[in-house]
Ligand SMILES: [Zn+2]
């Protein structure tokens, strides 16, 4: 690792790739690549996680610079101290203040930062740098009843990974949902058909903001028995499509292989069965062969069920 006298000027750099894909990396003030960070972030290439981790990691790397700590000498106690200066409850001297004038991380941000740091130092450890620290971060514990209940084939689990940097205490048990009556109040407040559609589709379809903003006209199959043949009721397709002019992107875990069809998901929209859809005069059929399908929404409980599933995911996501 190259040591620099310049403090706090590491920055996140967005890289525009062919086909509209974007990647994020970390560079030194003079523009050269931060090799260790770049190697770690490349493991999440093309995903929203890469961007999130880049911004969490750059803050940590700036702090390391200020503390004059190198990757091969940093200890678990130093990482705990870092978590303390960004907002975690840590009972030890924290040293000089950090992120002056900014709000401390909340619980969710602390969890993400902890995952990012664990991933980064395990990656370093796998390359033979600071193996001791990697061993301390890579602990396991016995699964609890809640863990078994939440996991697929949970009854077979004998150990769960732990992260000593993650915030302690009980996890949030329920996903964040709109309070009762909020949808009606929102609908009464908005004053355009577009905004009413946004509120209705976010609530009914369980769409995320990026998914809604990234829709193309061809993705809307608002007539019954659309030509795609994948769903008889009015529905829409959510495609992982890079290069949207408004930069909206449906969340995707990783970049699909070149030449692969974009992954699509269908979510039912429109009026409940038995009532005509207000968007019945929608666009024509979607171009055939553009998308496959992976998931189908539909029943009224789908939106909440999907958010509940999302809440157990460890990937940081923007939720609606
Ligand atoms: Zn369709």
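Listed peptides 192-199, 52-59, 95-102, 33-40 appear in the order 52-59, 33-40, 192-199, 95-102 once ranked by packing, highest mean of other Cβ atoms within 10 Å at the front. Packing, taken as the mean count of other beta carbons within 10 Å per residue, orders the peptides 124-133, 77-86 from highest to lowest as 77-86, 124-133. Net length available on complete extension from residue 188 to residue 55 is 44.1 nm, with 0.36 nm assigned per residue and the Cα-Cα distance removed.
For the stretch 11-161, the share of DSSP beta bridges that are antiparallel, to the nearest 5, is 100%.
Throughout, read-outs are computed from the coordinates displayed, never taken from laboratory work. Here the structure is a predicted model, which is why all the values come from computation and not from measurement. Methodologically, a virtual Cβ is constructed for each residue, glycine included, from the backbone with ideal geometry; neighbour enumeration extends over all protein chains shown.
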